[in-house]
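Throughout, read-outs are computed from the coordinates displayed, never taken from laboratory work. Everything quoted here is computed from the prediction, not taken from an experiment. As a convention, Cβ positions derive from the backbone with ideal geometry for all residues, glycine included, and neighbour counts pool all protein chains shown.
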Amino acid sequence: MNTKINSTNRRQFLTGLGIGASGYALGSLLIHPEVAMGQSIEGYLEKVSTETRWRIAVRSYLSWQIMCLQEIYDKRGREKFLEHFKKMSVLWAPGQKQLADQLGFTGNDAKSTAAIMSALLIVWWGPTGKYEIEEATGEKVKLKSLVCPFWNEVQSRKITEDLCSQRCQWWSDNFAKARNAKLTSTLVKARPLGDLACEWIIDHKA
């Protein structure tokens with residue numbers, strides 16, 4: 001009488017187990033595709049609030065932007081760096097005005113322009129940004145940056161170069177003129193220059 005027991009070796013057993021598990025998973029996906037996909041994508045995204053998604057996206061954008069700015073500054077020097085962004089600010093202004101219009105930001109006096117500038121900066125740099133409008137009339141406004149995510153990110157990277165004050169001056173002035181040719185914007189205080197906050201004066205010239 002043959003009493004030998006026929007058995008698979010360990011490798012064969014694990015291979016068979018893996019194939020069986022894969023087949024089960026594939027069968028579940030085919031039978032309930034909407035449930036499987038919901039668990040792998042939408043089910044997880046629902047756990048992340050819109051503001052959290054916004055913060056993460058903005059942080060990635062800021063990191064990329066600052067890295068590019070630092071590289072241009074290091075490779076081309078401050079003079080070429082400023083020359084480049086002075087030209088680009090003129091080219092960007094019409095597109096930024098168009099974006100503001102598409103978002104439904106209306107108004108072209110000094111006060112509304114200051115509010116639109118603040119709103120755009122928050123859209124670009126996230127909900128942690130805080131801005132305040134002071135001494136506001138339709139003709140003249142002081143706009144103050146209380147919390148600047150860009151500046152905070154630069155500081156966290158221990159960057160000592162002034163990557164933003166001239167860029168903010170050119171951007172704000174060209175954007176103001178794009179909304180109303182009689183508006184000017186002047187950066188009168190800047191954190192990289194030692195001030196506690198950045199301030200712009202937006203003025204309507206007669």
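Rounded to whole Hz and in sequence order, give me ³J(HN,Hα) for region 126-141 from the Karplus expression 6.51 cos²θ - 1.76 cosθ + 1.60, θ = phi - 60°, writing x for Gly and Pro.
x, x, 7, x, 9, 9, 9, 9, 10, 6, 8, 9, x, 9, 8, 9
Please say if region 123-206 is rounded, prolate or oblate, where rounded means a/c under 1.5 for a ≥ b ≥ c the square roots of the C-alpha gyration tensor eigenvalues, and otherwise the choice is prolate for a/b larger than b/c and oblate otherwise?
Prolate, because a/c is 1.5 or more and a/b exceeds b/c.
Work out from phi, with θ = phi - 60° and the Karplus expression 6.51 cos²θ - 1.76 cosθ + 1.60, the ³J(HN,Hα) of each residue of region 145-158, listed in order in whole Hz, and give x for Gly and Pro.
8, 8, 9, 10, x, 4, 4, 4, 5, 4, 4, 5, 8, 6
Could you list LYS144, LYS86 in order of exposure, starting from the residue whose Cβ has the fewest other Cβ atoms within 10 Å?
Fewest-to-most ranking of LYS144, LYS86: LYS86, LYS144.
For ASP74 and SER165 in the same chain, what is the full-extension length gain: residue separation times 0.36 nm, less their Cα-Cα distance, in nm?
31.1 nm
By how many nm would the segment from ALA57 to LEU45 grow when fully extended, if each residue of separation counts as 0.36 nm and the alpha-carbon distance is taken off?
2.9 nm
As an exercise, use a Förster radius of 22 Å and the Cβ-Cβ distance of MET88 and SER156 to find the FRET efficiency, rounded to the nearest 0.05.
Plugging the Cβ-Cβ distance into 1/(1 + (r/R0)^6) gives 0.30.
I need MET67, MET88, MET117 ordered by Cβ neighbour count within 10 Å, fewest first.
Fewest-to-most Cβ neighbours within 10 Å comes out as MET67, MET88, MET117.
Among the lysines, which fall within straight-line cross-link reach of LYS75, defined as a Cα-Cα distance under 29 Å, with same-chain neighbours fewer than 8 residues apart omitted?
In chain and number order, the partners are LYS86, LYS87, LYS158, LYS189.
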